[in-house]
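What follows is a short report on a single structure.
The values are calculated or read from the model by the stated rules, or taken from the named source; none is laboratory data. Just so it is clear, the structure is predicted and the values come from calculations on it, not from any experiment. Ideal geometry is used to build each Cβ from the backbone, glycine not excepted, and the neighbour counts take in all protein chains shown.
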Ligand code: NZQ
Ligand code: ZN
């Protein structure tokens, strides 16, 4: 195991009706004037936004509203939010929604207190200072409620890039699984896929002797394998929703990724798809991961065989471990299809003729050096082959 420092100070408030605590939590974490940031309207239709406003009113905390965050959130709204926060002297950003809303909130929180262009953070600069952030999560997926990360798409060039820094870890996150019961089945499935992707990206490591985090990841993958189909079959199942929501947080706050190298090639390869086609991130990952895993499997056949046996219940072929490894990848692919995810370019709405453009932006765009540096180093030729494997 490698040396590490792990700082994860978010206060998680979990369970039914917990959104009513928003006002007191903002006060506890020092907010005196709030930006409530939300998406395209689901929180208006569900009545959640009204309940959050009431909670702030009850705590005598004034607020401004900024809605309209799109999935795969854009830089233009971030600039608008930064301007609003400065003008209104906002000192706390409250995200009410999914990963897109939270990520946009994080970008606004960092950009408001920064002299330069907030995009600097999405081109490699570490976020060291930001307004405090709270979240009220409405979809179990991105894990942004517990992560130090944010992903934004810049309209010029359609670069979808991430930024990081402990300063943007939320001060609190309210996790009420009942809020996710209004999700369409497709969004629930996309969320399940993203959570499993966050686990696989950490599982694919070149660090030896990381049994504790291997086992944590396997436990969370097994939980998703069990609970995922239950929420697809029964969207009102509170307990299944609750298990998925907490697994989604644990999958990405890095408690199971410490002390080990991680992959993230699948995420980088997918981000180009959701940037260009505006597809759901989870749906893009469902198409991407089986292709990437098949392509890199030979780099560490035993690691893929291990997850195949421990999570997917494959039997170990000691004479031909590559058979077991491949069976595990195929079992994962079948699972994703069974919960309603797309399996190839066509079903995702992607086009084969765009592959050169995807590869160029992926490997060279926004200052990249021509390769991806995850579990396996992938150059432009590798990435081209991987995208081609998604066309079948
Ligand atoms: O905009 P509204 O109307 O709220 O609708 C949303 C949106 O259309 C809807 N939705 C959310 N909660 C709902 C609901 N509809 C009904 N009932 C509810 N309770 O679902 C749609 C998707 O929402 P979005 O926030 O985009 O989903 P998600 O949480 O999957 O976030 C995706 C974004 O997070 C990024 C992705 O790349 C993508 O841009 N990621 C962020 C990460 C991070 N910050 O750590 C890590 C991830 O790997 C990921 O890259
Ligand atoms: Zn993700």
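Residue pairs whose Cβ atoms lie under 8 Å apart, sitting 6 or more positions apart in sequence or on different chains, and linking a residue in the range 269-287 that is closer than 19 Å to residue 365 by Cα to a partner that is more than 9 Å from ligand 1 (Cβ to nearest atom) and in a loop (DSSP other than H, G, I, E, B), are 273/279; 273/350; 275/158; 276/158; 276/350; 277/349; 277/350.
Applying the selection to the range 317-339, what residues are in contact with a helix residue (DSSP H, G or I) (Cβ under 6 Å, 6 or more places away or on another chain) and surrounded by fewer than 17 Cβ atoms within 10 Å (Cβ to Cβ)? Can you show your working first?
The initial filter retains those residues of the range 317-339 that are in contact with a helix residue (DSSP H, G or I) (Cβ under 6 Å, 6 or more places away or on another chain), namely 317, 321-322, 324-325, 327-329, 333, 336, 339.
If the condition is that a residue be in contact with a helix residue (DSSP H, G or I) (Cβ under 6 Å, 6 or more places away or on another chain) and surrounded by fewer than 17 Cβ atoms within 10 Å (Cβ to Cβ), then 317, 322 are the ones that fit.
Residues in the range 360-392 that are in contact with a strand residue (DSSP E or B) (Cβ under 6 Å, 6 or more places away or on another chain), assigned to a helix (DSSP H, G or I) and free of Cβ contacts under 8 Å to residues at least 24 places away in the same chain: how many? Working first, answer last.
Here is the first cut: in the range 360-392, the ones in contact with a strand residue (DSSP E or B) (Cβ under 6 Å, 6 or more places away or on another chain) are 365-366, 371-372, 377-379.
Filter again for assigned to a helix (DSSP H, G or I), leaving 365-366.
The next check asks that each one be free of Cβ contacts under 8 Å to residues at least 24 places away in the same chain; those that pass are none.
Looking only at that region, the number is 0.
Within the range 263-278, the only residue that satisfies the criterion of being within 13 Å of ligand 2 (Cβ to nearest atom) and either surrounded by fewer than 20 Cβ atoms within 10 Å (Cβ to Cβ) or on the phi > 0 side of the Ramachandran plot (or both) is 264.
A count restricted to the range 346-358 and to residues that are within 15 Å of residue 160 (Cβ to Cβ), surrounded by 15 or more Cβ atoms within 10 Å (Cβ to Cβ) and over 22 Å from the mean Cα position of the chain (by Cα) stands at 1.
So which residues in the range 362-378 are in contact with a helix residue (DSSP H, G or I) (Cβ under 7 Å, 6 or more places away or on another chain), surrounded by fewer than 20 Cβ atoms within 10 Å (Cβ to Cβ) and either modelled with pLDDT of 95 or more or not assigned by TED's automatic domain parsing to the domain that holds residue 263 (or both), if there are any at all?
Initial filter on the range 362-378 (in contact with a helix residue (DSSP H, G or I) (Cβ under 7 Å, 6 or more places away or on another chain)): 362-363, 366-367, 370-372, 374-376, 378.
So of that shortlist, the ones also surrounded by fewer than 20 Cβ atoms within 10 Å (Cβ to Cβ) come out as 366-367, 370-371, 376.
Passing the criteria: 370, 371, 376.
Test of understanding: among 307, 296, 301, 292, which residue is without any contact (Cβ under 8 Å) to a residue 40 or more places away in the chain and not in a loop (DSSP other than H, G, I, E, B)? Walk me through how you get there before you give the answer.
Numbers: 307 fails: without any contact (Cβ under 8 Å) to a residue 40 or more places away in the chain; 296 fails: without any contact (Cβ under 8 Å) to a residue 40 or more places away in the chain; 292 fails: without any contact (Cβ under 8 Å) to a residue 40 or more places away in the chain.
301 is the lone residue from the list that is without any contact (Cβ under 8 Å) to a residue 40 or more places away in the chain and not in a loop (DSSP other than H, G, I, E, B).
Condition check for residue 89 on (1) within 30 Å of residue 15 (Cβ to Cβ); (2) in a loop (DSSP other than H, G, I, E, B); (3) more than 16 Å from ligand 2 (Cβ to nearest atom): one failure, at (1).
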